Every structure is written in C-alpha cells, then in structure tokens.
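Structure first, commentary second.
The values are calculated or read from the model by the stated rules, or taken from the named source; none is laboratory data. None of the values given here were measured: they were computed from a predicted structure. Neighbour counts run over all protein chains shown; Cβ positions are idealised from the backbone, glycine included.
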Amino acid sequence: MNLLQFLYLVATPIGNLGDISQRAIDTLCSVDFIAAEDTRVSAKLLNHYHIKKPVLSYHQHNAQGRGEEIVNRILAGESCAVVTDAGTPCISDPGEELVKLCAENKIPVIAIPGPNAAISALAASGLPSGRFSFEGFLSVKKTGRIAHLNEIKDDARTLVFYEAPHKLLRTLKDMCEVLGDRRVSLARELTKIHEEIVRTTLSEAAAYYEENTPRGEFVIVVEGKKPEDLPRVDLSDAVKIMEDLIENGEKPAAAARRAARETGYRKNEIYRHITGIKSDSKKKM
Ligand code: SAM
C-alpha cells in the first residue's frame, strides 16, 4: 500500500520498543521515505521492525534547507514520515517548522499518536491532571530559568517540565526558590528497566539529589499554585471578575468557578456577596 502525499508525524517509543503502535509501523512501512532526527538512533527501531525505507536526517540544525527539500518531494508525489529519537515529533523535538511549511503548502499533516514522556509522567504523578501547563525545557542560563519560573509562579495548573539529568539539581533548587516548596513528582526512565516515580517536595528532591547523582531521563511534574496562596484581592474584585465573565458569555457556574480559582475566594463566598448586594439594593428601593 502506498500512502498519499502527506506528511506523517509518527510517535515512537520513549524506551520500551514494545510501545510502538501497529499504525505507526504500518505507516513507516508504507511511506516513500522517513525523515529522522538522528538516523543512527532510528536505525535501531527500524531494524527491530524490519522496516527498510530510505531515511534522511532532519534536525534543528538542517531544518530549513531539509524542510524545503522534504516539502518539494511531497509536492512531487511522495509521502514522508517524521520520527524523532523518542516520543512524539514536535514536542520538544524537531518537526514544528516542517509542519508549518507543509501547512503553508497545503500539504495534509497526519499525527500518528503514541508515546510522550510528559503525558505519561503527568498521568502517573498523582497531581491534578485536569488542567496542566507543559513548559518543556527551562533555559540553560540561570537568568532565563528564573524569568521563566517567575512568569508561571502564580499558575494554579500543574506544571510539567523536561530536564536533563546533569541539570536536574540546579533546576530543582531554582524551582524551590521561585515557586516555593511545592509537591513534585519526578518521573525517571519511563518505560525502561529503572523506571521510577518519586512523589516528594521540591526541597526534599533537591536535598536528595545533592547527595545522589541523578541518572537517566526525567520529567518534573510540579503542583500548581494553591488558590489559598494567591494574593488576596477584595471580595468585590472577585465579584467583578465573575460579572465580567458572565457579560462575555460565560455561564454563571463556570464564571464563579473561575473567579474563585483566580482570587482564592470560595465560589459560595462570591455568590453570597452578589446575593447580599442584590437584596441590599432591593431594600433601598
Ligand atoms: N518528544 C519527546 C516526547 O514526546 O516525550 C520528548 C523529547 S525531549 C528532547 C527529551 C526529554 O523528554 C528528556 O530530557 C526527558 O525530560 C523526557 N523524556 C524522554 N524520554 C523519557 C523517559 N523514558 N523517561 C522520562 N523522561 C523522558
């Protein structure tokens, strides 16, 4: 079977080779060529599944020239699958520029879903997973790291970061300094032999890794800011937030929930205040 002139983003295992989907294998077997972040790394996966296809390299340093070459080949009638060293292309990995280029050239892009370290770590973290923010890698520069953390320190959503082992300790220390001592889940070596999920606090994690050298790949999942730790605003400000949201089309219950989350007041407090205001104004009439 030959695939259409599409770009396929094929997710590959983040450690355990058994985690590839049948559809991912079928796609890799059917495209005309594969663009791989590192052709030697992908060769192991392709050999394991006896997939024999022309492979070219596509990584952050050749993305521009190679991207145009890939797009021209697809426009000329070929199909291409993008794979990275591990996980889902475009997620802290090459692919984003190529997708943009395909979109500009009206080439359909199909994502073949599969492993992703951030989502697996979040799912296993034990921290709220309903709303989260994926923050990728923090800057290697201290000023960049601190600025990034300051930007998100009031976010109530769970925060998900990627980090390399040799940078883990200084990142945990910076997080502790800027975010405060929050709960954290460290997902190490997911799907591999030494897989481990450690649920602790940022200060305890930093103290532990001060004594023990971090080894392997890590996802850091940090609890969001607790509503009670948010700067306390006036109750009338919370009411105003709720009323503005309703005016902009939000349903009252959802508006109250969001106003409560943003201000640290309980939903009922805000409701009571509104009802109080209304009955006061009735009395005056
Ligand atoms: N695109 C990949 C994905 O979908 O997860 C992420 C690639 S990014 C360059 C690599 C980072 O992902 C690592 O530094 C680590 O933070 C995280 N990571 C990848 N594999 C992992 C694993 N098996 N266990 C824990 N973290 C992992």
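For the residues 112, 107, 146, the requirement of being of a type in the set (Val, Ile, Thr), touching a helix residue (DSSP H, G or I) at 6+ places or on another chain (Cβ under 9 Å), farther than 30 Å from residue 176 by Cβ and away from the ligand (no atom under 14 Å from the Cβ) singles out 107.
If you go through the range 149-192 and keep only what is within 16 Å of the ligand (Cβ to nearest atom) and among the hydrophobic types (A, V, I, L, M, F, W, C), you end up with 159, 160, 161, 164, 168, 169, 172, 175, 184, 186, 187, 190. The C-beta contact set for the range 188-205 (first residue under 16 Å from residue 165 (Cα atoms), second residue outside any loop (DSSP other than H, G, I, E, B) and more than 10 Å from the ligand (Cβ to nearest atom), distance under 6 angstrom, 6+ apart or interchain) comprises 197/124; 202/172; 202/175; 202/176; 202/184; 205/172; 205/184. Do the conditions hold for residue 71, that is, is it outside any loop (DSSP other than H, G, I, E, B) and within 16 Å of the ligand (Cβ to nearest atom)? Judged against the criteria, residue 71 is not a match. Taking residue 51, is it away from the ligand (no atom under 13 Å from the Cβ), within 26 Å of residue 101 (Cβ to Cβ), in a loop (DSSP other than H, G, I, E, B) and in contact with a Leu (Cβ under 9 Å, 6 or more places away or on another chain)? For residue 51, the condition - away from the ligand (no atom under 13 Å from the Cβ), within 26 Å of residue 101 (Cβ to Cβ), in a loop (DSSP other than H, G, I, E, B) and in contact with a Leu (Cβ under 9 Å, 6 or more places away or on another chain) - is met.
Take the range 43-62 and flag every residue that is of a type in the set (Lys, Arg) and surrounded by 13 or more Cβ atoms within 10 Å (Cβ to Cβ).
As a first pass, look at the range 43-62 and keep what is of a type in the set (Lys, Arg): 44, 52-53.
If the condition is that a residue be of a type in the set (Lys, Arg) and surrounded by 13 or more Cβ atoms within 10 Å (Cβ to Cβ), then 53 is the only one that fits.
Quick one: in the range 20-42, which of the residues that are free of Cβ contacts under 8 Å to residues at least 24 places away in the same chain and closer than 23 Å to residue 61 by Cβ is surrounded by the fewest Cβ atoms within 10 Å (Cβ to Cβ)? Out of the qualifying residues, it is 40. The criterion of at least 1 residues that are at pLDDT 95 or above and closer than 18 Å to residue 135 by Cβ is met by the following strands (runs of 3 or more DSSP E) wholly inside the range 153-230: 158-163, 183-188, 218-222. Does the range 78-98 contain at least one residue that is assigned to a helix (DSSP H, G or I) and away from the ligand (no atom under 16 Å from the Cβ)? Within the range 78-98, not a single residue is assigned to a helix (DSSP H, G or I) and away from the ligand (no atom under 16 Å from the Cβ). When the range 209-254 is filtered for residues that are away from the ligand (no atom under 16 Å from the Cβ) and within 16 Å of residue 182 (Cβ to Cβ), the ones remaining, listed by number, are 223, 224, 225, 226, 227, 228, 229, 230. Among the residues of the range 149-182, those that are within 20 Å of residue 204 (Cα to Cα), surrounded by fewer than 18 Cβ atoms within 10 Å (Cβ to Cβ) and out of contact with any helix residue (DSSP H, G or I) (no Cβ under 6 Å at 6 or more places or on another chain) comprise 164, 165, 166, 167, 170, 177, 180.
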